[in-house]
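The values are calculated or read from the model by the stated rules, or taken from the named source; none is laboratory data. Here the structure is a predicted model, which means the values were calculated and not measured. Here the Cβ positions follow ideal geometry from the backbone for every residue, glycine too, while neighbour counts run over all protein chains shown. When the accessible area is computed, the model is the full protein with side chains, heavy atoms only, and any ligands, DNA or RNA have been set aside. Shrake-Rupley method; radii C 1.70, N 1.55, O 1.52, S 1.80 Å.
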Amino acid sequence: MTAKKTNFTYMKTIKGPAVFLAQFAGNEPPFNSLEGMCKWASDLGYKGIQIPTWESSLIDINTAAESQVYCDELKGKVNAYGLEITELSTHLQGQLVAVNPAYDIMFDGFAPDAVKNNPKTRTEWAIQTVKNAGTASGRLGLKSHATFSGALLWHTVYPWPQRPNGLVEMGFEELAKRWLPILNHFEEHDVNVCYEIHPGEDLHDGISFERFLEATGNHKRVNILYDPSHFVLQQLDYLSFIDFYYERIKAFHVKDAEFNPTGKQGVYGGYSDWKDRAGRFRSLGDGQVDFKSIFSKLTKYECEVWAVMEWECCIKSSSQGAREGAPFIQNHIIEAAERSFDDFAGTAINKEELKKILGI
């Protein structure tokens, strides 16, 4: 008896191109309304948008958490332009879940006036707002959410002065304590929390991500927003990172960067402005990121993600970056193979023949 050859593994095609609206939202049309930005994105060839929840002109996150009707109407507006919502973002609110006092003044700018100059109340507001985004994500049928972890330990990232014993462990214990109620809330709504691994956050590389994952009891909703640009600036191997963590990569920012060290500066940048730093973000295609290998690995590992352009460049204009972004991503998306390339030479399985080949 023979059986059909079945050794081919089907992969999934990455979705996209999409764009994160945060860097483009503004006070002038078309960037001051959801409909305006949807038309703008659609006209440029994007198929999805990632919505920053702190932009009230794009979404009322509190209403979205309370009203399915509001969410249905919001989704309908986006779909009317041939677009999908990829994720909601609470990068700024997530940052405020954990703020070291050294950064209170600077990060207060992310908070509403009612909670400024009151770190405890600000933290409570941030936690509730991120929870609201989890509820809204569930109502919108989204599976992933983009955010920052915040940081209690970042000011000690370089071990001078020496860190006291137990400090790192206590820091991650407290970070997990603040995030666990949020993670459990997202679990109730079947949505993944995707932390952008980013300098300035306590989750800034693979080891720190693992520390947090362990501190949360390996919570299934602790996942990763993969952005290779931040790894270029840290001189971290962004390709092998995928090999280690592909099972946790549930969101993807397509952002380019370059690192050009000199005899005068390296990773820390000498407090220089962005355009003068050794490491700086670039528009897509202008930096050093090997996107061909990234898209290959994410496709190989069947990462179900949207390829979302996050534009940040200190040289090229945002309008040119936006125009170039959609075709750049589209040209890198791999249409996953649906059959093996050597199927033409395949044969049906014949167990007796296989035994003869093996000599058994």
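Observations on the model:
- Here the label points at E174 and E73, each 7 Å from Cα along the C-beta direction, are separated by 4.3 nm in the simple model.
- With θ taken as phi - 60° and the Karplus curve 6.51 cos²θ - 1.76 cosθ + 1.60 applied, the whole-hertz 3J(HN,Hα) list for the range 288-294 is 10, 5, 8, 5, 4, 5, 5 Hz, x standing for glycine and proline.
- Potential lengthening of the chain between Q265 and T347 amounts to 23.5 nm, from the contour at 0.36 nm per residue minus the alpha-carbon distance.
- Rh (Kirkwood; distinct C-alpha pairs) - the chain, Å: 22.0 Å
- Spatial offset of the range 232-303 relative to the range 7-75 amounts to 24 Å, using the alpha carbon center of each.
- Per residue value of the accessible surface for the chain (all protein chains in place, 1.4 Å probe), Å²: 50 Å²
- Average projection area in nm² (convex hull over Cα atoms of the range 267-360, one quarter of hull surface): 11.0 nm²
- Of all accessible heavy-atom area on the chain, the percent that carbon and sulfur account for (1.4 Å): 52 percent
- Whole-Hz couplings from phi, Karplus 6.51/-1.76/1.60, listed for the range 167-174; x for Gly and Pro: 5, 5, 4, 5, x, 6, 5, 5
- Taking the range 240-335 as the region of interest, the number of lysine pairs whose Cα atoms are within less than 21 Å, with members eight or more places apart or on different chains, is 11.
- Antiparallel DSSP beta bridges within the range 216-352, percent to nearest 5: 40 percent
- When the residues F244, F281, F209 are ordered by accessible surface, computed with a 1.4 Å probe over the protein chains alone, the sequence from largest down reads F244, F281, F209.
- Rg/Rh ratio calculated on Cα atoms of the range 23-150 (Kirkwood radius): 1.00
- DSSP finds beta bridges in the chain, and of those with both partners inside it, around 20 percent are antiparallel.
- FRET efficiency, D243 to E335 (Cβ-Cβ, R0 22 Å, nearest 0.05): 0.45
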